[in-house]
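K.L.:
Pasting a structure below so you can have a look.
The values are calculated or read from the model by the stated rules, or taken from the named source; none is laboratory data. Please read all numbers here as calculations on a predicted model, not as lab measurements. Backbone-built Cβ (ideal geometry, glycine too); neighbour counts: all protein chains shown.
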Amino acid sequence: MKMNNNCESEEIVEAANIAISNLLPTKSRSLYDIAYNRFKKWCAEKNVQVYSENVLLAYFSEKCKELQVFHIMGAIFYG
């Protein structure tokens with residue numbers, strides 16, 4: 001995620017980007033990247049141009065439904 005506000009100097013933008021890249025622990029970074037790439041793929045499939053609260057709610061709602069089905073199927077097959 002790059003910040004690009006014309007009112008900010010390149011030094012500030014670079015410092016902010018370094019801070020952002022260091023927010024996640026190393027162990028969690030790969031899991032975050034996988035989840036974020038899945039979200040971006042979903043957005044591309046839905047032709048999402050701008051991220052908003054409604055986009056996130058729709059995405060998480062869809063994921064919850066998928067997990068519920070997975071959980072139900074697991075309960076049926078594995079008791």
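K.L.:
Only residues that are surrounded by 11 or more Cβ atoms within 10 Å (Cβ to Cβ) and part of a helix (DSSP H, G or I): list them for the range 36-59, please.
P.N.:
Selection gives Tyr36, Arg38, Phe39, Lys40, Trp42, Cys43, Val55, Leu56, Ala58, Tyr59.
K.L.:
Return a yes/no flag: does the range 68-76 have any residue that is without any contact (Cβ under 8 Å) to a residue 40 or more places away in the chain and not in a helix (DSSP H, G or I).
P.N.:
Within the range 68-76 (the criterion being without any contact (Cβ under 8 Å) to a residue 40 or more places away in the chain and not in a helix (DSSP H, G or I)), the answer is no, since none of the residues qualifies.
K.L.:
Using the structure shown, decide if Ala19 is under 17 Å from Ser61 (Cα atoms), among the aliphatic types (A, V, I, L, M) and modelled with pLDDT of 85 or more.
P.N.:
no
K.L.:
Contact list please: Cβ distance under 7 Å, first residue in the range 7-36 and on the phi > 0 side of the Ramachandran plot, second residue outside any helix (DSSP H, G or I), pairs at least six apart or on different chains.
P.N.:
From the range 7-36, no pairs qualify.
K.L.:
Here is a check on your reading of the model: is Lys65 among the basic types (Lys, Arg), out of contact with any Phe, Trp or Tyr (no Cβ under 8 Å at 6 or more places or on another chain) and at pLDDT 90 or above? Please lay out each step first, then the result.
P.N.:
Details: among the basic types (Lys, Arg): yes; out of contact with any Phe, Trp or Tyr (no Cβ under 8 Å at 6 or more places or on another chain): yes; at pLDDT 90 or above: no.
For Lys65, the condition - among the basic types (Lys, Arg), out of contact with any Phe, Trp or Tyr (no Cβ under 8 Å at 6 or more places or on another chain) and at pLDDT 90 or above - is not met.
K.L.:
Quick check on Val13: is it under 16 Å from the mean Cα position of the chain (by Cα), surrounded by 12 or more Cβ atoms within 10 Å (Cβ to Cβ) and not hydroxyl-bearing (Ser, Thr, Tyr)?
P.N.:
no
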